[in-house]
Number of protein chains: 6
Amino acid sequence: MKIMVINPNTTEEMTQSIHETACKCARLDTKIHTVNPKDGPVSIENYYDEAFALTGILKEIRKGEQEGFDAYVIACANDPGLYAAREFARGPVIGIAEASMHMASLVAAKFSIVSLFPRDRLIIGELLHRYGMENKCVSIRTCNLAVLDFEKDPDKGLEQLAIESRNAVEKDSAEAICLGCAGMSKLANELEKDLGVPVFDGVAEAVKLAEALVDLGKRTSKALYFEAPTKKEYKGIYKEYEPK
Amino acid sequence: MKIMVINPNTTEEMTQSIHETACKCARLDTKIHTVNPKDGPVSIENYYDEAFALTGILKEIRKGEQEGFDAYVIACANDPGLYAAREFARGPVIGIAEASMHMASLVAAKFSIVSLFPRDRLIIGELLHRYGMENKCVSIRTCNLAVLDFEKDPDKGLEQLAIESRNAVEKDSAEAICLGCAGMSKLANELEKDLGVPVFDGVAEAVKLAEALVDLGKRTSKALYFEAPTKKEYKGIYKEYEPK
Amino acid sequence: MKIMVINPNTTEEMTQSIHETACKCARLDTKIHTVNPKDGPVSIENYYDEAFALTGILKEIRKGEQEGFDAYVIACANDPGLYAAREFARGPVIGIAEASMHMASLVAAKFSIVSLFPRDRLIIGELLHRYGMENKCVSIRTCNLAVLDFEKDPDKGLEQLAIESRNAVEKDSAEAICLGCAGMSKLANELEKDLGVPVFDGVAEAVKLAEALVDLGKRTSKALYFEAPTKKEYKGIYKEYEPK
Amino acid sequence: MKIMVINPNTTEEMTQSIHETACKCARLDTKIHTVNPKDGPVSIENYYDEAFALTGILKEIRKGEQEGFDAYVIACANDPGLYAAREFARGPVIGIAEASMHMASLVAAKFSIVSLFPRDRLIIGELLHRYGMENKCVSIRTCNLAVLDFEKDPDKGLEQLAIESRNAVEKDSAEAICLGCAGMSKLANELEKDLGVPVFDGVAEAVKLAEALVDLGKRTSKALYFEAPTKKEYKGIYKEYEPK
Amino acid sequence: MKIMVINPNTTEEMTQSIHETACKCARLDTKIHTVNPKDGPVSIENYYDEAFALTGILKEIRKGEQEGFDAYVIACANDPGLYAAREFARGPVIGIAEASMHMASLVAAKFSIVSLFPRDRLIIGELLHRYGMENKCVSIRTCNLAVLDFEKDPDKGLEQLAIESRNAVEKDSAEAICLGCAGMSKLANELEKDLGVPVFDGVAEAVKLAEALVDLGKRTSKALYFEAPTKKEYKGIYKEYEPK
Amino acid sequence: MKIMVINPNTTEEMTQSIHETACKCARLDTKIHTVNPKDGPVSIENYYDEAFALTGILKEIRKGEQEGFDAYVIACANDPGLYAAREFARGPVIGIAEASMHMASLVAAKFSIVSLFPRDRLIIGELLHRYGMENKCVSIRTCNLAVLDFEKDPDKGLEQLAIESRNAVEKDSAEAICLGCAGMSKLANELEKDLGVPVFDGVAEAVKLAEALVDLGKRTSKALYFEAPTKKEYKGIYKEYEPK
């Protein structure tokens, strides 16, 4: 089985660390290929950044379809381009936010999300509604660190994550933690040991869900909402992306 | 990895067919052990039946804990005793209703549930709320067949399932089907081929989710809501179930 | 009119104190019969305990049906077995949680529930949804006392209840208090005098609602969701409970 | 115990028929006094009519407070002036819409409301939200008869009610019927016999709930939302209603 | 274009200050006519007060219809009589609470409402539901000042508003403030300058929305819910308001 | 006042027709500048198309900011890029879906949306939730015509719109219609005349709301969720869009 993991931003160090998290949890017979777009922001921290990440994600998925990948993981906790990718790809496409939330909800009645900045609560709120997780999430806490701070100073990142996660458990009655940024993935195991409650980084869960769906022979339903884009003209620099 | 699949009713033929579904999707290194209680109803079709199935489910899980099982699947689409089992067991416990709904929501924006009788809509409604799936489920359709009718006359069962599933796709805009009874599991593949949209029987999805959680080292969080039952006296015939 | 009040746990002292609460509010022409199962936990404090209380509740109701009771009250604030009992019994069955919430909502726009332990918030959350009371309940506060602590040391119980109830009124803007355990019932009047806002213990309200429904000639509707369980085989120790 | 039942419109024949319904269900020791305002619309069928009924309702309640009534029933299924009356009165005030919905929800998982005209769905929708009954109500059906048509031609009224109620049971899976107009109250018993599912007219249920609350010594909580109106000047024709 | 602004209470100083706010934002070709009823409370601070304000509002609107007004603004932040007025008037009728909320939601993801007293949260909660703004409003904060305190001591009013608005921004993550009383309107500009986030007083927004709707030729839809009241008899002092 | 109207797709005929709609409703002193991106799809009919429209929208807005525009309208009924644009621009940014829904809700209790294809219900459902309009929208009906069909054959488009709008009014109890595609805007007036209920095309309403907000001096709040994107590196072809 071949799974493509896409880091939607253009920071290769982060792609590498996501790759390691994905490989660690994958089965021996699963081949993980982790990529990032060449064009776009070095990190995604708002709707504007996201707007410039989408075409790159879809470019990688187009390559994936040509190369016969079985499933895709979008490794940014805003789940950017998830529905566009589901329309385009045949195999399942899993976002790491949805993966962490669904898996957390199987072992915990209530979880908290620990994210980067207070403004993230807007997009996270939209995702919680989309996935039906509004009643499961008891708080969204933030570290006040940027995406790339977790690359530059992982120790500081872990420290902040630990503080906010412990607050979530003790003050908000969370029983599990979902991490709000793919850059935090590499810290999940250490955080979990420290906290004593399950920590879901999203990347690992997305890979396992992708494996499970492929094993079960399930692909994105093309019956209605995720039908392939209809053939039409795209102009200018996006000409090459025209749906056929 | 050892997974115990519990058919909550006392019909052994059904336990056997659930076992086959579970084994077919399990990985080579997963050992599936499928059981049913000795005491209780031959099928579960209302809250009253369910009340007499719970102690049997918990008895099997107690055995499982003694024998070192890694995870449990409760193979009845009412997910009876799920929260009680989560309190008692250490490894993850997955209900087949929640498994089918969560997995369906990863490949379809909207799904329908095809169940047995109109009265099932009450318990299914409670489960949809519990799992956050109220917005994903566009209809609950019913076959007007009893649980054991699917054992006695699978062809009739498949026919009815196909009619209602097709109605769900065509009239209710469902993109995927979740089956509302473990007894329908054996018909899922044939139904899926026939319909052309993904069909989730629940048993297969629960096994895959259990495998994934065990792989990831995730157990039920004991931090708050699913803490082990506190030690106390149980009287009479339930003496042996006393939490220690 | 004959009303059966069922204490779902096996602690007779508690049954006695519930009986007193029920009798105090009942009309002169209402005969209150208060019972508890012989089998099962001495108190109900989680889903596991509840699983071993259900068959005992239904056994008492079966006796009640044979003896011609007009209505039933399930006197545990988790409302265990309520829907199973509604299926089985002909007369109305009232849970004390639903009774306290509905009645509180008639004299207060917002109420709080004062319960035992933080973990109770899971089951209470499910009940609030079931009864449509999510918008009415402004907080669930907990005393950190066990069910039987209210038998052993009622003064301590009243003290804790008063502290948390006052917090609910002052900090959470509650206008009324619903008690989260039948064992607190006997303290309701004293608490109410002390607080100056209405306190609903559930037992008294359930008895009055049962009286009202019987007066009005209303029984549980058997048209669909609470239809009597269909005839089927029950195996082993539950043979005697087979629906006929 | 003295209960004042207020017909909010100025049609005395209807007041008389509401009085009969109220008396029939009241206990022997309950004194029912049924009144209607002298000023205002002969029937209430929209928000405009309602605006001219409120002062009359409050005038009657003011008299009631002076004469020592224990509780009040507002006998119009829009529950007009309910919160204003709760602020003003000391004893409980019950609306017939809320009474019918709460009581129906104790014996039926799902009910329908049968009302007058399609436009009623707006105000009924607001009431369903206010009382937390949105999930319990499966349909609002309408007879296309005006309030006073039920006075003029009760047979025609019963016929239409029966048609729509039967539709609610058969097509919408309702298990109980709540009547959407006090003018229908007198037809409730006959309708119930005919339909075979419980019918709640609201007037009878409100009287029983008022009796129960008075028995339990519960009055409207004055802790916050229903505190008495603060003293202030009212000008012109409403001078006499000034809160003191 | 002629817009009638109705101050629902009988305090003329307040009418004057509302008039100034309305005129300041109106276009040159918009004629603002601001009125208040002669009968009723000098301020509206609960449901009881509101009940005595409705007939006066409708009296003014009746005059407005005779004099050919194009639109109406109800200048009290409880939006009293809004739906009754929509039924009666032909042109659009805008409440200042709805105006401030809708406009705030166009420039801010989340807003807070700063109102008078804690009890206001009940009516505001109902309005938030009615307008679909429950997810947009992060807090309702209160100044503990009465309506007329803002007339008597505007400086004190501004000070309290500033304190609570700043709390809303800093503690509740509000990005905009909606004022909870028409009497606060005149302070909006100064408050906005001070706070640095948009402040919506409601009066100004309602005038601009009324202008926009009139420009677009949109009137209240009379197709169903706001159809004109049907002809019927009104008795006593309300005779003159009979719908024809 | 200068308002930029952005047609997010690359079809200039459509831009022209949107321009005409916008100009017709704008005030004399409002300067409307209507543009479309040079790069991207000729029409937007799914999430994939939308992904290739976002950068073009933001390019136009960047130009607008340089040229001192006061406000922006995004003229596609999916409201693509709305939140990204709000982060980037200083003046208000209005989507035509939100504009039509908010304005419709001021003159109608319930509206329907008439859109293109059944799959649109997914994105429309997300918008309804985002704007709090889930309770206002009684149906989403579809014409089964593509965006550009409304350019090629407006008569056919009007005919289909009229059929579905009339169905919405008659079968779904809609009181107003919101159009689900900017390409339908030019048909709104004729449709409205034909139907007899208000029709909201979104473009006209967005222009009027933009005018109103600019008049009131309200810009997007930059306090939290729509703060300007933080300075960071963008790689490759998107280098020029780097936030400074």
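The values are calculated or read from the model by the stated rules, or taken from the named source; none is laboratory data. This one's a predicted model, so the numbers in the text were calculated from it and none came from an experiment. Positions of Cβ are generated from backbone atoms using ideal geometry, with glycine treated the same way; all protein chains shown enter the neighbour counts.
Taken together, the residues in the stretch A:53-77 that are acidic (D, E) and closer than 13 Å to A:T15 by Cβ amount to 1. For the stretch A:126-153, a residue qualifies if it is within 14 Å of chain B (Cβ to nearest Cβ) and small (G, A, S), and the qualifying residues are A:G132, A:S139.
One line per residue, one yes/no per condition, for (1) in contact with a Cys (Cβ under 8 Å, 6 or more places away or on another chain); (2) more than 30 Å from C:M1 (Cα to Cα):
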| position | (1), (2) |
| --- | --- |
| C:E170 | no, yes |
| C:E192 | no, no |
| C:V207 | yes, no |
| C:E211 | no, no |
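Considering (1) part of a loop (DSSP other than H, G, I, E, B); (2) crowded, with 24+ Cβ neighbours inside 10 Å; (3) assigned by TED's automatic domain parsing to the domain that holds A:V197, the lone condition that A:L145 does not fulfil carries the number (2).
Checked against (1) surrounded by fewer than 19 Cβ atoms within 10 Å (Cβ to Cβ); (2) outside any helix (DSSP H, G or I); (3) assigned by TED's automatic domain parsing to the domain that holds B:F150, B:A174 passes all but condition (1). Please tell me if A:L224 is under 30 Å from B:N189 (Cα atoms) and among the aliphatic types (A, V, I, L, M). Criteria met by A:L224. Would you confirm, using the coordinates I've provided, whether D:G196 is touching a Phe, Trp or Tyr at 6+ places or on another chain (Cβ under 6 Å) and not assigned by TED's automatic domain parsing to the domain that holds D:D70? So D:G196 does not fit the description; no.
Criterion first (surrounded by 18 or more Cβ atoms within 10 Å (Cβ to Cβ), more than 7 Å from every other protein chain (Cβ to nearest Cβ) and either among the small types (G, A, S) or touching a residue at least 24 places away in the same chain (Cβ under 8 Å) (or both)) does F:V197 satisfy it? Against the criterion (surrounded by 18 or more Cβ atoms within 10 Å (Cβ to Cβ), more than 7 Å from every other protein chain (Cβ to nearest Cβ) and either among the small types (G, A, S) or touching a residue at least 24 places away in the same chain (Cβ under 8 Å) (or both)), F:V197 does not qualify.
In the set (1) facing another protein chain (nearest Cβ under 9 Å); (2) buried (at least 24 other Cβ atoms within 10 Å of the Cβ); (3) small (G, A, S), the condition left unmet by E:S165 is number (1). Against the list (1) assigned to a helix (DSSP H, G or I); (2) in contact with a strand residue (DSSP E or B) (Cβ under 7 Å, 6 or more places away or on another chain), the condition F:F150 fails is (2).
Scanning the stretch D:112-136 for residues that are in contact with a Ser or Thr (Cβ under 7 Å, 6 or more places away or on another chain) and in a strand (DSSP E or B) gives D:S112, D:V114, D:S115. Using the structure shown, decide if A:A53 is within 14 Å of chain B (Cβ to nearest Cβ) and within 27 Å of A:A26 (Cα to Cα). No, not satisfied. The single residue among A:E65, A:E20 that is more than 10 Å from chain F (Cβ to nearest Cβ), over 29 Å from B:K218 (Cβ atoms) and either touching an Asp or Glu at 6+ places or on another chain (Cβ under 6 Å) or surrounded by fewer than 22 Cβ atoms within 10 Å (Cβ to Cβ) (or both) turns out to be A:E65. Output yes when any residue across the stretch A:88-110 is part of a helix (DSSP H, G or I), of a type in the set (K, R) and at negative phi, and no when none is. Looking through the stretch A:88-110, none of the residues is part of a helix (DSSP H, G or I), of a type in the set (K, R) and at negative phi.
Of the numbered criteria (1) more than 8 Å from every other protein chain (Cβ to nearest Cβ); (2) in contact with a helix residue (DSSP H, G or I) (Cβ under 6 Å, 6 or more places away or on another chain); (3) part of a helix (DSSP H, G or I), the one D:A84 fails is (1). For E:V5, the conditions (1) on the phi > 0 side of the Ramachandran plot; (2) touching a Ser or Thr at 6+ places or on another chain (Cβ under 6 Å) are fulfilled apart from (1).
Rundown of residues vs (1) outside the structural domain of D:K231 (by TED's automatic domain parsing); (2) at pLDDT 95 or above; (3) more than 25 Å from E:K232 (Cα to Cα), yes/no style:
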| position | (1), (2), (3) |
| --- | --- |
| D:A26 | no, yes, yes |
| D:H33 | no, yes, yes |
| D:F88 | no, yes, yes |
| D:A109 | yes, yes, yes |
| D:S115 | yes, yes, no |
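Of the residues making up the stretch D:181-220, those that are touching a Ser or Thr at 6+ places or on another chain (Cβ under 6 Å) and assigned to a loop (DSSP other than H, G, I, E, B) are D:V197, D:P198, D:D201, D:G202.
Within the stretch A:212-225, being of a type outside the set (K, R), over 17 Å from F:Y47 (Cβ atoms) and facing chain B (nearest Cβ under 7 Å) holds for A:A212, A:L213, A:D215, A:L216. Within the stretch E:25-50, if we keep just the residues that are among the hydrophobic types (A, V, I, L, M, F, W, C) and touching a residue at least 40 places away in the same chain (Cβ under 8 Å), the residue that is farthest from the other protein chains (Cβ to nearest Cβ) turns out to be E:I32. Flag: D:R166 does not match the condition of being out of contact with any Asp or Glu (no Cβ under 7 Å at 6 or more places or on another chain), more than 23 Å from D:K24 (Cα to Cα) and not in a helix (DSSP H, G or I). Scanning the stretch E:19-74 for residues that are in a helix (DSSP H, G or I), under 17 Å from E:D201 (Cβ atoms) and of a type outside the set (S, T, N, Q) yields E:H19, E:E20, E:A22, E:C23, E:K24, E:C25. Show the residue pairs meeting these rules: Cβ distance below 6 Å; 6+ apart or different chains; first residue within the stretch B:88-99 and touching a residue at least 24 places away in the same chain (Cβ under 8 Å); second residue assigned to a strand (DSSP E or B). Pairs that qualify, where the first residue is touching a residue at least 24 places away in the same chain (Cβ under 8 Å) and the partner is assigned to a strand (DSSP E or B), are B:A89/B:Y72; B:G91/B:A71; B:P92/B:A71; B:V93/B:Y72; B:I94/B:V73; B:G95/B:I74.
For A:Y238, the conditions (1) in contact with a Phe, Trp or Tyr (Cβ under 9 Å, 6 or more places away or on another chain); (2) within 14 Å of chain F (Cβ to nearest Cβ); (3) assigned to a loop (DSSP other than H, G, I, E, B) all hold with the exception of (3).
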